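The values are calculated or read from the model by the stated rules, or taken from the named source; none is laboratory data. Values in this document were obtained by computation on a predicted structure and should not be read as measured data. With ideal geometry, Cβ positions are generated from the backbone for all residues, glycine too; neighbour counts draw on all protein chains shown. We work out accessible area using only protein heavy atoms, side chains counted, and drop any ligands, DNA or RNA first. Shrake-Rupley method; radii C 1.70, N 1.55, O 1.52, S 1.80 Å.
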Amino acid sequence: MKNYILIIYPLLLCVTAFYKARLSPRGEVSLQFLSSGQAGQIRAAACICIILHHLTQQLTSYGSVFQGPITFFNYAGFLFTGIFFFFSGYGLITSLHTKKDYLITFPWRRFPSVLLPFWITNLLLLLASRPWSMLKGDLPGTLRDLFGLTLVNSNGWFIVEIVLFYLFFYLLFRWSRHPDVSLFLLCLTAGILICYSFFQGHDPGNNIHWFRGEWWYNSTIIFVMGLLCARFRRPVTDFCRKHLRLLLFLTPLLYVCIFGISIWAVIRFGYYNMGSPAGRRGALFTLLTQMLSCFFFTSFLLLLNMKITLHSRILTYLNGISLELFLIHGSFVSLFRNIRMAPLLRYAVVLSVSIGCASLLSPPIKWIVRLVTSFLHNRLYRETPAYHTLESELARQKREKRLRLLRIAV
């Protein structure tokens, strides 16, 4: 019997997302389009969809058993990962243009906010899965697992990749006087990474290595899309505003068509047969269809956000715990794999337990991140020329204020 009832979960997500949403007046664009609040709510919805994707992979045996409309999520995980890539790229360039001293403070503000949750969840997974072996076993191996050089958390691949992009972004923009050249080189770096990962193929056996498997690269191109949308925001926004009706008709149509072709390509070709020229051609065709469908899917969501402003308190809350939720939910998907229960209940249990656990973990993790960030800021920022310039400016302002008061008194 097909599990048509499972469609209730994406429907509930849609209700949660669009409840109290506001439609912009005719001819106008939402004032909050691509704001941090809107981006956070979209990311939170994407995070829930990624959990549905992993649960559906398990239910359908990776698409081999049709289970009703929910089967869509088996093939759609890369679409939702693309949302995270887009806002990561968009946020980097937007912050670069709007925040003073962004590059100076970038290393000790951005890297700990991503790496510390990753390392803490790795530690918790190691303590939960093999506590005694951590004490008695191979210390170098344990450290590799802890710091992500080997992935005990298969979802940690995204952290590895985004940290590498952050590193390249910092190096390219920090030491270059030509931002557009740096942007081009960063986009080129993403393209090289896609090509390298493509020819790496899949992991042998059950191992989990860096840049092995199509999930490492089939949505990476959307990071470049985010970079370029931030750099050329004004002309892109003006073009979309001018042709909004046409684009709202074309982008979902193109997405549906190309996504359908990508599903056929995954089934017909896939990425496994990389040992022959025909297999590589088939894998390349599969990759191109997935990248295109990801592009049109992301474009459609952004165009909707031009007209619809989200006001979901639930998604706002989930955005605050989204990183922890992304990192830990896979453990619960695996934990309940061998426990017999109805699929409807399994989805509910994994979602609720994952959100509950992320809610408990997020406050202490964020406290640790703030503590480390503050420590590094106090130790490192004081050594930079920008800090001394700022201190000199503040001292000058104090002197001028004292002189004004003295003149008034005299």
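Residues Phe295, Phe249, Phe300: which one is within 23 Å of Ser88 (Cα to Cα), open to solvent by 80 Å² or more (accessible area, probe 1.4 Å), assigned to a helix (DSSP H, G or I) and among the aromatic types (Phe, Trp, Tyr)? Spell out how you get there, then give the answer.
Working: Phe249 fails: within 23 Å of Ser88 (Cα to Cα); Phe300 fails: open to solvent by 80 Å² or more (accessible area, probe 1.4 Å).
None of the others qualify; the one that does is Phe295.
Return the residues of the stretch 323-358 that are hydroxyl-bearing (Ser, Thr, Tyr) and either more than 26 Å from Phe147 (Cα to Cα) or crowded, with 23+ Cβ neighbours inside 10 Å (or both); say none if nothing qualifies.
Selection gives Tyr347, Ser352, Ser354.
Output the qualifying pairs, or none if there are none: Cβ atoms under 8 angstrom, residues six or more apart or on different chains, first residue in the stretch 362-382 and in contact (Cβ under 8 Å) with a residue 40 or more places away in the chain and on the phi < 0 side of the Ramachandran plot, second residue among the charged types (D, E, K, R) and surrounded by 14 or more Cβ atoms within 10 Å (Cβ to Cβ).
Short answer, once both residue conditions are applied: Ser362/Glu324; Ile365/Glu324; Thr373/Arg109; His377/Arg109.
Take Ile48 and decide whether it is out of contact with any Cys (no Cβ under 7 Å at 6 or more places or on another chain) and under 25 Å from Gly320 (Cα atoms).
yes
How many of the residues making up the stretch 281-329 are of a type in the set (D, E, K, R) and under 16 Å from the mean Cα position of the chain (by Cα)?
Qualifying residue count, the stretch 281-329: 1.
Just name the residue that is farthest from Ala76 (Cα to Cα) out of those in the stretch 266-292 that are open to solvent by less than 40 Å² (accessible area, probe 1.4 Å) and hydrophobic (A, V, I, L, M, F, W, C).
Start the filter on the stretch 266-292 by keeping residues that are open to solvent by less than 40 Å² (accessible area, probe 1.4 Å), which leaves 270-271, 274, 276, 279, 282-283, 286-287, 289-291.
Among the residues that remain, those that are also hydrophobic (A, V, I, L, M, F, W, C) are: 274, 283, 287, 291.
Numbers: Met274: 22, Ala283: 17, Leu287: 13, Met291: 12 Å.
Across the stretch 266-292, the extreme among qualifying residues is Met274.
Residues of the stretch 322-371 being over 14 Å from Leu55 (Cα atoms) and small (Gly, Ala, Ser), which ones?
Ser322, Gly356, Ala358, Ser359, Ser362
Looking only at the stretch 210-246, count every residue that is in a loop (DSSP other than H, G, I, E, B) and open to solvent by less than 80 Å² (accessible area, probe 1.4 Å) and tell me the total.
So the count comes out to 8.
May I ask you to list the residues in the stretch 28-43 that are open to solvent by 30 Å² or more (accessible area, probe 1.4 Å), touching a helix residue (DSSP H, G or I) at 6+ places or on another chain (Cβ under 9 Å) and in a loop (DSSP other than H, G, I, E, B)? Let's see the steps before the verdict.
Narrowing the stretch 28-43 to residues open to solvent by 30 Å² or more (accessible area, probe 1.4 Å): 28, 31-32, 35-37, 43.
If we keep only those that are touching a helix residue (DSSP H, G or I) at 6+ places or on another chain (Cβ under 9 Å) as well, we get 28, 32, 36-37, 43.
Within the stretch 28-43, Glu28, Gln32 qualify.
Starting from residues that are of a type in the set (S, T, N, Q) and surrounded by 17 or more Cβ atoms within 10 Å (Cβ to Cβ), keep the ones in the stretch 65-112 and report whichever is farthest from Ile159 (Cα to Cα).
Gln67
Please indicate, with yes or no, whether at least one residue in the stretch 280-302 is under 19 Å from Gly40 (Cα atoms), modelled with pLDDT of 90 or more and among the aliphatic types (A, V, I, L, M).
Yes.
Which residue pairs have Cβ atoms closer than 7 Å, lie 6 or more positions apart in sequence or on different chains, and pair a first residue in the stretch 281-302 that is under 13 Å from Ile221 (Cα atoms) with a second residue that is open to solvent by less than 50 Å² (accessible area, probe 1.4 Å) and outside any helix (DSSP H, G or I)?
Hits for this filter: Leu287/Asn218; Gln290/Asn218; Met291/Asn218; Cys294/Ser219.
Are any of the residues in the stretch 129-141 open to solvent by less than 30 Å² (accessible area, probe 1.4 Å), of a type outside the set (A, V, I, L, M, F, W, C) and in contact with a helix residue (DSSP H, G or I) (Cβ under 7 Å, 6 or more places away or on another chain)?
no
Quick check on the stretch 175-183. Is at least one of its residues open to solvent by less than 80 Å² (accessible area, probe 1.4 Å), more than 20 Å from the chain's Cα centre (by Cα) and closer than 28 Å to Leu301 by Cβ?
yes
Give the stretch 1-27 a look and list any residue that's assigned to a loop (DSSP other than H, G, I, E, B) and touching a residue at least 24 places away in the same chain (Cβ under 8 Å), or say none.
Lys2, Asn3, Tyr19, Lys20, Ala21, Ser24
Is it fair to say Ile192 is of a type outside the set (Lys, Arg) and open to solvent by less than 70 Å² (accessible area, probe 1.4 Å)?
In short, no.
Looking at the stretch 104-124, which of the residues that are of a type in the set (A, V, I, L, M) and within 21 Å of the chain's Cα centre (by Cα) is farthest from Ala39 (Cα to Cα)? Before you say what the answer is, go through the steps one by one.
Our first condition is that a residue be of a type in the set (A, V, I, L, M); within the stretch 104-124, this holds for 104, 114-116, 120, 123-124.
Those still in the list that are within 21 Å of the chain's Cα centre (by Cα) too: 114-116, 120.
Values: Val114: 17, Leu115: 21, Leu116: 22, Ile120: 25 Å.
My answer is Ile120.
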